[in-house]
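What follows is calculated from the coordinates using simple rules that are stated; it is not laboratory data. Keep in mind the model is a prediction, meaning the values are calculated, not measured. Because the Cβ atoms are built from the backbone with ideal geometry, glycine has one as well, and the counts that use them run over all protein chains shown.
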Amino acid sequence: MRSPVADDVVAHIPELTRYALSLTRDRAAADDLLQETLARALSKLHLYEPSAPLLAWLFTIMRHLFIDARRQIQKRPESLFLEETHVQGSGDQMAHLVLQDLRHAISRLPPLQRTVLIAVVAHGWSYEQTSQRLGIAMGTVRSRLYRARMSLLQMLDPPSDARSGSRTDAAGDASF
């Protein structure tokens with residue numbers, strides 16, 4: 001059975017969403033922040049003082065989570081992986097170009113997604129280690145990693161009609 005306060009928390013999701021967007025200026029990051037805020041608020045509901053405004057308490061939780069996430073990003077030298085990684089050996093120009101494209105695409109990811117991607121892929125951390133070290137929920141790790149991978153896929157392998165500037169006629173022959 002849910003408490004009446006939990007129902008009130010759910011009722012404030014639209015305001016929390018707008019506030020998350022104003023803080024992050026990124027839809028995916030705002031969704032992550034909202035998820036973390038709701039999880040924290042519901043797990044800490046016993047600390048809520050009923051005489052205080054619920055929305056102000058929720059905004060405070062969200063602001064603190066946002067600030068903590070920013071501090072974690074600033075502390076972590078995530079660009080270390082991107083700067084030190086280079087193709088060894090054969091001097092294969094194609095591999096160098098692919099890696100260059102990958103570096104560029106990773107740098108274009110939102111910071112919260114980029115941090116989780118590098119933690120899991122480059123550092124080899126498990127989801128649990130990433131969750132503990134970054135101080136975020138396991139579901140948030142999975143969500144950010146999924147979004148990062150999908151964004152990279154879109155950037156590095158766009159749909160074929162977006163890739164080529166050529167059009168095909170009814171017979172399927174490319175016309176230039």
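Observations, loosely collected:
- Charge tally for Ala137 (other residues, Cβ to Cβ under 12 Å; Lys, Arg +1; Asp, Glu -1): 0.
- Given R0 = 22 Å, the distance between the Cβ atoms of Ala137 and Ile13 translates into a calculated FRET efficiency of 0.80.
- For the peptides 45-54, 150-159, the ranking by mean Cβ contacts within 10 Å, running from highest to lowest, is 150-159, 45-54.
- Backbone phi angles across region 104-121, fed through the Karplus curve with coefficients 6.51, -1.76 and 1.60 (θ = phi - 60°), yield HN-Hα couplings of 5, 5, 5, 5, 8, 5, x, x, 5, 5, 4, 4, 5, 4, 5, 4, 7, 7 Hz in residue order; Gly and Pro are listed as x.
- Vicinal HN-Hα couplings computed from phi for region 38-54 (Karplus, 6.51 cos²θ - 1.76 cosθ + 1.60; Hz; Gly/Pro x): 5, 4, 5, 4, 5, 6, 10, 4, 5, 8, 6, 8, x, 7, 8, x, 4
- Distance between the modelled labels on Gln100 and Ser126, one decimal in nanometres: 4.0 nm (7 Å Cα→Cβ projection).
- Calculated from backbone phi, Karplus (6.51, -1.76, 1.60) coupling profile of region 56-64 in Hz, x at Gly/Pro: 5, 5, 5, 4, 5, 4, 4, 4, 5
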